[in-house]
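One structure below.
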Amino acid sequence: MGSILLMVIVVFIAAIVQSTSGFGFGIVCTAILPMVMPYKQAVPLILLTCMFLQVVVMVRLWKHISWKLLILPAIGSIICSSISVNFMLGLSDRTLHLILGIFLWVLALYMIFLAPKVKLKGDNPWIGLVAGSLSGFMSGMFTIGGPPMVAYFDAIVDDSLTYQSTLQVYFFLTCSSTLVNNILHGNFTSSLVLPACFTIVSCLVGTLVGMKILHKISMSMVRRLAYLMMMVAGTYNLIQLFF
């Protein structure tokens, strides 16, 4: 029950981060949940839980979705997420924790120091394909596919509601594809049904709270806390390999 309580708290925080900033659910959950459960089971649990968050946002902002912006990124994402899931299955938990620890540190440093300076040209649709492919590979491997698509949509979308709604539809398509691949490879087992019930409820509550406080909090503070959590979790994943 202690592990489930930690999952509920982490998912609640992650849902607030994503529903206010547009991404971050996978970052927060992937940083913490593999500490209390096998990595290959944490991935499908995170994917399934996050999909409920995405559905809530999609329903509320349905009329703002720009479907034409999704085609090429979604194609690249679905193909590359399938490749990365198969790649992940061939690695041991020890190797995955090593890669995850390094990845979390690199991603945190990138998001803090480099991401604000990176500007993509939105008038080239093939950039969308590349961004979607990279995002899909990261999603299948780490459930963290947000950064490439956040940068891409930020470059081509001016309206905040169109940005948020279209981004969540993209994440929903990617999560669906990656989850199916995980189920087919046996990563989602009956032991995840009970934790999923708790995390889904926690996610929905966190999403509603996040959407309520969307205009009352500092987004830079939310993101900095998420990046700090990534660094701490990355350090933990590396330390536990040696002790």
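The values are calculated or read from the model by the stated rules, or taken from the named source; none is laboratory data. Just so it is clear, the structure is predicted and the values come from calculations on it, not from any experiment. Positions of Cβ are generated from backbone atoms using ideal geometry, with glycine treated the same way; all protein chains shown enter the neighbour counts. In case anyone asks, the SASA skips ligands and DNA or RNA and just uses the protein heavy atoms, side chains included. Shrake-Rupley method; radii C 1.70, N 1.55, O 1.52, S 1.80 Å.
For a quick check of understanding: with a 1.4 angstrom probe and all protein chains in place, what accessible area in square angstrom does Arg60 have, to the nearest ten?
The accessible area comes out at roughly 150 Å².
From the phi angles alone, apply the Karplus equation (6.51, -1.76, 1.60; θ = phi - 60°) to the stretch 158-169 and give each ³J(HN,Hα) in whole Hz, x where the residue is Gly or Pro.
Each residue's phi maps through the Karplus curve to give 9, 7, 5, 6, 5, 4, 5, 5, 5, 5, 5, 5 Hz.
Run the accessible area of the chain with a 1.4 Å probe and give the carbon-and-sulfur part as a rounded percent.
Numbers: 8210 of 11210 Å².
Roughly 73 percent, rounded to a whole number.
If you roll a 1.4 Å probe over the heavy atoms of the protein chains, what accessible area per residue do you get for the chain, in Å²? Provide the component values of the computation, followed by the final result.
Numbers: 11210 Å² over 243 residues.
Dividing the accessible area of the chain by its residue count gives 46 Å².
Which of the following values of Kirkwood radius over Cα pairs in Å was calculated from the structure shown: [x] 18.3; [y] 17.7; [z] 18.8?
The value computed from this structure is option [y].
Considering only Cα-Cα distances, which of the following residue pairs are longer than 30 Å: Lys117/Lys216; Lys40/Lys63; Lys63/Lys212; Lys40/Lys117?
On the way: Lys117/Lys216 26 Å; Lys40/Lys63 36 Å; Lys63/Lys212 20 Å; Lys40/Lys117 34 Å.
Going by Cα-Cα distance, Lys40/Lys63; Lys40/Lys117 fall outside the 30 Å limit.
Measure nothing but the geometry: give the 0 to 90° angle between the long axis through the Cα atoms of 219-239 and the longest principal axis through the Cα atoms of the chain, rounded to 10°.
Taking the Cα atoms of the chain, the angle to 219-239 is about 30 degrees.
Sorting Asp154, Asp93 by accessible area (1.4 Å probe), largest first, what list results?
On the way: Asp154 95, Asp93 65 Å².
Highest to lowest solvent-accessible surface, that is Asp154, Asp93.
Which FRET efficiency, nearest 0.05, do Leu161 and Phe242 yield, Cβ-Cβ r, R0 35 Å?
On the way: r = 47 Å, r/R0 = 1.35.
According to the calculation, E is roughly 0.15.
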